[in-house]
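Here the structure comes first, spelled out in structure tokens, and everything after it is commentary.
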Amino acid sequence: MIKYHLSVVLTLEKNIFDEDLKFIDGSPIGIPPNPKCWHDGLLFIVGEEFAKRLNVIFAQQWMVMGGDVYDLPDYPPETDEEEGFDICAIFFTFPGNHVNVSQSLIESALVHCKGELIIENPYILSESFWDTLSKLPIPQAKKIRIITSIKKSDHKFVKASMKANGEVPWQNGVRFYDYSATSGLFSHWKIFVESDSKTVFHGSSNLNTRSAFHDYEVDLLVKSQKLYKDIKQQLEFDIKSSRLLEHKDVDGSVVDKVVNELTVYFS
């Protein structure tokens, strides 16, 4: 049983969150009053089975890294069913992975989504992701909208990656949005929604090499009409707060392509 609570999160060294997508100090959702804050998001999940599985994942990593061996706690049976049931799956990856299940799921969603797919991710640097995106036929490419931060980012090579890889997907109909261009904020949210299946994929995985093979990441796939509606509302707001990229933004020069190749190599 999964019960969830959606919050908008503002992060700057520590998290400050506003519940239920309410306005923050009179500011619209997604636009914090402090211009130095990052735009981010979290899900608060309540559920016996979810807690058990996440604790098993944590215990495995804790003990592999040399932590004390401990017994997992028992949980009392869940009795409050007021919120109903949602289908939920946990995805986790760790250093040394030969296959990153989270990025594989995202790439699979690009290829097989039946409805509109909206992705928000701060670091779109993965060669595999760009390769999959570039090979999509035009009808499939037109289903996809991608939100990222280019003008303002804590990663200096995001712009070069977009200019080096974005032209073919852009020509095929993928729409790219720079959240930071108009909001002045860096979006650190890692999430997607798919309209046909009403699914939400949310977690810590970035679309880059480090996240794929060197970092420990946990993501959650939830199938839920309500959660989809809530997240979709926020993502549409982010799109309205962004600048739609033009051809000049994805028409990479030789320098951009060389910088991108070096970035991929050293990451």
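The values are calculated or read from the model by the stated rules, or taken from the named source; none is laboratory data. Keep in mind that what you see is a predicted model, and the values were worked out from it rather than measured. Cβ: placed from backbone, ideal geometry, glycine included. Neighbour counts: every protein chain shown.
Annotations for the structure displayed:
- Candidate set from the range 99-108 (those that are in contact (Cβ under 8 Å) with a residue 12 or more places away in the chain and surrounded by fewer than 20 Cβ atoms within 10 Å (Cβ to Cβ)); member that is nearest to S197 (Cα to Cα): L105
- Check on Y4, over 24 Å from L221 (Cβ atoms) and at pLDDT 60 or above: no
- Residue check for K223: on the phi > 0 side of the Ramachandran plot and at pLDDT 90 or above: no
- Qualifying residue in the range 248-257 (condition: at pLDDT 80 or above and crowded, with 16+ Cβ neighbours inside 10 Å): yes
- If the condition is being under 22 Å from G184 (Cβ atoms) and not acidic (D, E), then the range 220-238 contributes Q233, Q234, L235, F237.
- Given (1) touching a Ser or Thr at 6+ places or on another chain (Cβ under 9 Å); (2) under 21 Å from S104 (Cα atoms), number of the condition Y177 does not satisfy: (2)
- Checking each residue in the range 92-124 for being more than 14 Å from A141 (Cα to Cα), assigned to a strand (DSSP E or B) and within 13 Å of the chain's Cα centre (by Cα) picks out E120, I124.
- Across the range 59-76, the qualifying residues are those that are aromatic (F, W, Y) and loosely packed, with under 14 Cβ neighbours inside 10 Å, and the one among them that is modelled with the lowest pLDDT is Y75.
- Note on the range 45-58: among residues that are touching a Leu at 6+ places or on another chain (Cβ under 8 Å) and hydrophobic (A, V, I, L, M, F, W, C), the one that is modelled with the highest pLDDT is V56.
- For first residues located in the range 241-252 and on the phi < 0 side of the Ramachandran plot and β-branched (V, I, T), partners that are part of a loop (DSSP other than H, G, I, E, B) and crowded, with 19+ Cβ neighbours inside 10 Å and lie 6+ apart or on another chain with Cβ distances below 7 Å form the pairs V250/G166.
- Those residues of the range 129-181 which are aliphatic (A, V, I, L, M), in contact with a helix residue (DSSP H, G or I) (Cβ under 8 Å, 6 or more places away or on another chain) and surrounded by fewer than 19 Cβ atoms within 10 Å (Cβ to Cβ), in sequence order: I138, V168
- V193 being β-branched (V, I, T), crowded, with 22+ Cβ neighbours inside 10 Å and touching a residue at least 40 places away in the same chain (Cβ under 8 Å): yes
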